[in-house]
């Protein structure tokens, strides 16, 4: 059973601060990792994807992957109230040629104005 | 680009009735689409993998006779919840992966369908 663990939160940060979201996983063969943002009542939207160890930056977002330690994190710089949402970590199982994603339960982020 | 639509966005039905949910990839073709279910304050759980022209693959614990999936074309998959009961009330979300050459190798999610069974 592949598991993806996230702290449910809520993680509360003041506007302009850095929000740090963490995710650990148990399956060593997972190859692709994703961060999705989900607003209440809406479907997930892709924020970042990362495939190799190290950092990947895109605007205010930085994803960090450490396969040896089996964790992936998302940093949000200059947090805005509009960033308040649930952030889902997901990994690609790559089972039998499928691309099914396994999701964590999500971390709820609250950015205080 | 890479837009996935779902219809209806919200449906309320009586217990015992069947409900069909459509998932369409609007600007790309997808040989594989996925159906997820999300209960309140929980994560997305994969229900089944829908493959164009073949039978769907269901996850353990998902009744294939209750959740009928038809992937009739490269742009349309349907999920029919048969004899729905209140415990089937949930947020149903589909996703699609473009065929090689039509987009990035990423799942694109539909907006979801909120099903409420009375």
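Just so you know, all these numbers are worked out from the coordinates, no wet-lab data involved. Note that the structure is a prediction, hence the values are computed from the model and not measured. Quick reminder, even Gly has a Cβ in these numbers, built from the backbone with ideal geometry, and neighbours come from all protein chains shown.
Spin-label pair residue A:56-residue B:45: with each label point 7 Å from Cα along the Cα-Cβ axis, the two points sit 2.9 nm from one another.
The stretch B:1-30 and the stretch A:66-91 have Cα centres lying 29 Å from one another. The share of alpha-carbon pairs in the stretch A:1-46 lying farther apart than 14 Å comes to 66%.
Residue B:63 to residue A:42: FRET efficiency via 1/(1 + (r/R0)^6), r the Cβ-Cβ distance, R0 35 Å, to the nearest 0.05? So, using R0 = 35 Å, E works out to roughly 0.80. Here the contact order of chain A, divided by its residue count and restricted to Cα pairs under 8 Å and six or more residues apart, works out to 37 percent. Would you please classify the overall shape of the stretch B:3-69 from the alpha carbon gyration tensor, given that a ≥ b ≥ c denote the square roots of the eigenvalues, rounded means a/c under 1.5, and beyond that prolate means a/b larger than b/c while oblate covers the rest? Since a/c stays below 1.5, the shape of the stretch B:3-69 is classed as rounded.
In plain terms, the bigger the Kirkwood radius, the slower the diffusion; for chain B, with that radius from Cα pairs, at 25 °C and 0.890 mPa s, Stokes-Einstein puts D at 173 µm²/s. Equivalent ellipsoid of the protein assembly as shown: semi-axes from √(5λ) of the C-alpha gyration tensor, largest first, are 30, 21, 16 Å.
Given a cut-off of under 8 Å on Cα pairs at least six residues apart, what relative contact order in percent is computed for the stretch B:1-115?
Working: 276 pairs, mean separation 41.4, N = 115.
Value for the stretch B:1-115: 36 percent.
Measuring r between the beta carbons of residue B:27 and residue A:27 and using R0 = 30 Å, the FRET efficiency lands at 0.40.
Mean silhouette area of chain A, derived from the convex hull of its C-alpha atoms and averaged over all directions, reads 6.9 nm².
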